[in-house]
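Notes for the one structure printed next.
The values are calculated or read from the model by the stated rules, or taken from the named source; none is laboratory data. Note that the coordinates shown come from a computational prediction; the quantities given were computed from them, not determined experimentally. A quick note on method: Cβ atoms are made from the backbone with ideal geometry, for glycine too, and the neighbour counts reach across all protein chains shown. Just so you know, the surface numbers come from the protein's heavy atoms only, side chains and all, with ligands and any DNA or RNA stripped out. Shrake-Rupley method; radii C 1.70, N 1.55, O 1.52, S 1.80 Å.
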Amino acid sequence: MNQYNTILNEKDLKAVFDLYYKSLLMYANRFLPSLAECEDLIQDIFISIWENKTTFPDAISLKIYLYKSTRNKCYNSIKHKKVEQDYAFNALQSLEDDNLFLKQVLEEEIVRELHQAIEILPERKKEIIKLSLKGIKNAEIAEILNIKLQTVKTLKSQSYAILRTKFKDISHLIYLCIHNG
């Protein structure tokens, strides 16, 4: 270990490992909560030195290399975790957006089927329901159609009964999809 300009042999590398391992581990553990991850990271640094036959001009250069490598590996690990978290967040957002999408599709399908069902109603009942859906009150509908208020109420009630019958089979499904989506 006296000659840092030469490639560290196995014995010298083990001596450097024994000398710096705990300090590097504690340093890495400042940034990364998982001790196991820190251990892997430090071992990777020493494996890299061995495999790349890295040389150092002196003990200070070796020490600086070890701590900078540890810092950089911690930084890369944190950055990688952030990318994973961002990916998970975006995936979650997509799922939530898909749920919103499905809810919107369901609502549009219900509206479409409702309008189809209204079109099947007898003409007077269809007119009353369409005006009612626009928010027009019964008295105004009676005036617009030039019929009695009681006739509007009766025809409207009959129309709702027909529509309820048409939609009774899917009403529970619609409720579940809208309120649990």
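Summary of values
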| read-out | value |
| --- | --- |
| Any chance residue 110 is surrounded by 11 or more Cβ atoms within 10 Å (Cβ to Cβ), β-branched (Val, Ile, Thr) and within 20 Å of residue 167 (Cβ to Cβ) | yes |
| Flag if residue 170 is within 17 Å of residue 110 (Cβ to Cβ), modelled with pLDDT under 85, β-branched (Val, Ile, Thr) and surrounded by 13 or more Cβ atoms within 10 Å (Cβ to Cβ) | yes |
| Positions within the stretch 113-155 being over 44 Å from the mean Cα position of the chain (by Cα), open to solvent by 50 Å² or more (accessible area, probe 1.4 Å) and under 16 Å from residue 165 (Cα atoms), in sequence order | 122 |
| Condition check for residue 13: of a type outside the set (Gly, Ala, Ser), at pLDDT below 90, in contact with a helix residue (DSSP H, G or I) (Cβ under 9 Å, 6 or more places away or on another chain) and open to solvent by less than 90 Å² (accessible area, probe 1.4 Å) | yes |
| Test: residue in the stretch 36-49 that is of a type outside the set (A, V, I, L, M, F, W, C) and open to solvent by 100 Å² or more (accessible area, probe 1.4 Å) | no |
